[in-house]
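In what follows, a single structure is set out as structure tokens and then discussed.
Coordinate-derived values only; no laboratory data. Treat the numbers as computed from the prediction; the structure is a model and nothing was measured. With ideal geometry, Cβ positions are generated from the backbone for all residues, glycine too; neighbour counts draw on all protein chains shown.
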Amino acid sequence: VDGDPVSGEAAFTGPTPLRGRLQVPGDKSISHRALIFAACARGTSRAVGLARGHDVAATRRAVESLGVRCTDEAGAVVVAGEGFAGLREPDDVIDCGNSGTSIRLLAGLLAARPLLAVLTGDESLRCRPMDRVVGPLRAMGSVVDGRDGGRYAPLAIRGASLVAVDHDLPVASAQVKSALVLAGLQAEGTTRVREPAPSRDHTERMLAALGAPVRASASGLEIDAGEPSPFDLEVPADPSSAAFFAVAAAVVAGSDVVLDNVALNPGRIAFVDVLRRMGADIEVRQQHVRLGEPVGEIAVRSGPLRGTEVDGDEIPSVLDEIPALAVAAAAAEGDTEFRDAAELRVKESDRIETTAAMLTALGVEVETRSDGFTVHGGTLRPGVVSSGGDHRIAMAAAVAAWAAEGTTRILDWDCVATSYPEFAEHAASLSGRRG
Ligand code: S3P
């Protein structure tokens, strides 16, 4: 039985070589931003190929609850924005589900609106730190409250006139940076945002391409008051989703896969560098640029891998791919160390613990530390794994299952729909098996 996208459990049997071409769904980060930027532009925007997972659906519902009309037209989502001033008070609490990007970007968007909005989410999201966005928004003049003094959602936001502030972020976070950019576009004066290491830069690339006053300089971002223009966008495929198939193709003997139309933003495809360091046969070919984002294909063939080290400034650019890379590490010869990655502990699950538990259940030796873990490569056996409700752990476990000989059961499977409801079907198309 292969994975069923709507059931609570999946089983995958290996070894399962993957062969062929695949376009994974639209990039989740770009999809969230497309909906939010379209909502604050004045005029009609169209986005084709938005991610269809629960996270992006939560952003769409949120934008609709702010009075912005979104309609489906021939595969496109059409958004009728009326500028920041067109956003209206929602008549109920906004439920962001599992989505950190939704809640944090919306907090920045709403920080300057003269309305009351309450943002909440599922149990996982309500345990994730919100003070990193609440503190800087308060410093700009917004009235934001939340549980435990503003550390956790639900967040209650009463927008106010904002003044520009220079922010020196203590952690590299694209979600926090993006919230402050959205607030900065509505503040008086020049807002500045500096981060300790570069995080993904979709917000600044897309907004600059849409004529909004957001500039990247050597010392960080500078934002003045202004609005993006409406746009037409074909959303490129999500490199974080592609990474699961890239790792699978690298580790399962006999695989040969090409991933089409992938967003090749350098802040998103550092997993390719890691796989290359491990000896993978992987090639990236840029083909075009859409709204400032490079797009192209990634071709991967199986081969022997060796352990590596992943740390320092590379970490923010591979953070979402670490569960998949950990599977590559398990299939590699020698040890792989992930360091400086304490942020993994505050993702959809504590990914240091959930990644280690997933690999341990499959016979791999793993040692965890406060800021990372070491994988002793060489073994991958079938077993029974729980995703812990984390979509990326579930998909990484499926990749491990294809590499191991025998059948692996994955419990709590349905969370894959957070980012990639089509995962099992796409896997079946590359493996020549039915989903
Ligand atoms: C995201 C930013 C990242 C990433 C998340 C999506 C975004 O989080 O882990 O899955 O779309 O801005 P950070 O805010 O920690 O960078």
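3J(HN,Hα) along segment 136-152: x, 5, 4, 4, 7, x, 6, 9, 10, 10, x, 4, 6, x, x, 7, 9 Hz, from the Karplus curve 6.51 cos²θ - 1.76 cosθ + 1.60 with θ = phi - 60°, whole Hz, x for Gly and Pro. Applied to segment 286-300, the Karplus parametrisation 6.51 cos²θ - 1.76 cosθ + 1.60 on θ = phi - 60° returns per-residue 3J(HN,Hα) values of 6, 10, 7, 10, 10, 6, x, 9, x, 9, x, 10, 10, 10, 9 Hz, with x for Gly and Pro. Can you give me the Cα centroid spacing of segment 109-156 and segment 55-81 in angstrom? After rounding, the separation between the Cα centres reads 22 Å. For the Cα atoms of the chain, what angle does the longest principal axis make with the long axis of helix 351-361, in degrees from 0 to 90, nearest 10? That helix lies at roughly 20 degrees to the long axis. With the largest listed first and rounded to whole Å, the semi-axes of the equivalent ellipsoid of segment 1-75 from the Cα gyration tensor are 33, 15, 10.
Residues of segment 138-175 falling in the label zone of residue 85, defined by backbone nitrogen less than 18 Å from a point 7 Å along Cα to beta-carbon, are 159-162.
Remark: the Cα gyration tensor places segment 322-430 in the oblate category, a/c being 1.5 or greater and a/b not exceeding b/c. Of all DSSP-defined beta bridges confined to the chain, some 75% are antiparallel rather than parallel. Evaluated with a Cβ-only charge set (Lys, Arg +1; Asp, Glu -1), the chain carries a dipole of roughly 520 debye about its Cα centre, given to the nearest 20. A straight line joining the Cα centroids of segment 300-376 and segment 226-270 runs 20 Å. Counting 0.36 nm for each residue step from residue 64 to residue 281 and taking away their Cα separation leaves a gain of 73.7 nm. Enter the Cα centre distance for the pair segment 399-425 and segment 199-218, rounded to the nearest angstrom. First find each Cα centre; the distance between them is then 35 Å. Taking 25 Å as R0, compute the FRET efficiency from the Cβ-Cβ separation of residue 9 and residue 360 and round it to 0.05. Rounded to the nearest 0.05, the efficiency is 0.80. Overall, the anisotropy analysis places segment 260-299 in the oblate class: the square-rooted eigenvalues a ≥ b ≥ c of its C-alpha gyration tensor yield a/c not less than 1.5, with a/b not exceeding b/c.
Per-residue Cβ neighbour counts within 10 Å put 298, 315 in the sequence 315, 298, beginning with the fewest. Summarising the amide proton neighbourhood of residue 292: residues at separation of 5 or more, or on other chains, whose placed amide H is nearer than 5 Å comprise an empty set. Summary value for segment 244-386: 21 percent relative contact order, contacts being C-alpha pairs under 8 angstrom separated by 6+ residues. Under a 5 Å amide H to amide H cut-off, with H placed in plane at 1.01 Å, what residues pair with residue 335 once short-range neighbours are removed? Here the answer is 307, 377, since their amide H atoms fall under 5 Å of that of residue 335. Each of 177, 28 was scored by other Cβ atoms within 10 Å of its Cβ. Arranged with the fewest first, they read 28, 177.
Projected label points at residue 92 and residue 288, each 7 Å from Cα along the beta carbon direction, are separated by 3.9 nanometres. Arranged from fewest to most other beta-carbon atoms within 10 Å of their beta carbon, 352, 322 become 352, 322.
Spin-label model, residue 194 to residue 127: label points 7 Å out along the Cα-to-beta-carbon direction sit 3.5 nm apart. Using 0.36 nm per residue and subtracting the Cα-Cα separation, the extra length available between residue 428 and residue 405 on full extension is 6.5 nm. When each of the peptides 407-417, 35-45 is scored by the mean number of other C-beta atoms lying within 10 Å of its residues, the order from highest to lowest reads 35-45, 407-417. Model label sites at residue 353 and residue 216, defined 7 Å from Cα along the beta-carbon direction, differ in position by 3.6 nm. With a Förster radius of 30 Å applied to the beta-carbon distance between residue 168 and residue 73, the computed FRET efficiency rounds to 0.10. Phi-derived couplings, Karplus 6.51 cos²θ - 1.76 cosθ + 1.60 at θ = phi - 60°, listed residue by residue for segment 125-133: 5, 6, 9, 8, x, 10, 4, 5, 9 Hz, with x used for Gly and Pro.
So for segment 371-435, Kirkwood radius off the Cα pairs, Stokes-Einstein at 25 °C and 0.890 mPa s: how many µm² s⁻¹? D = 193 µm²/s.
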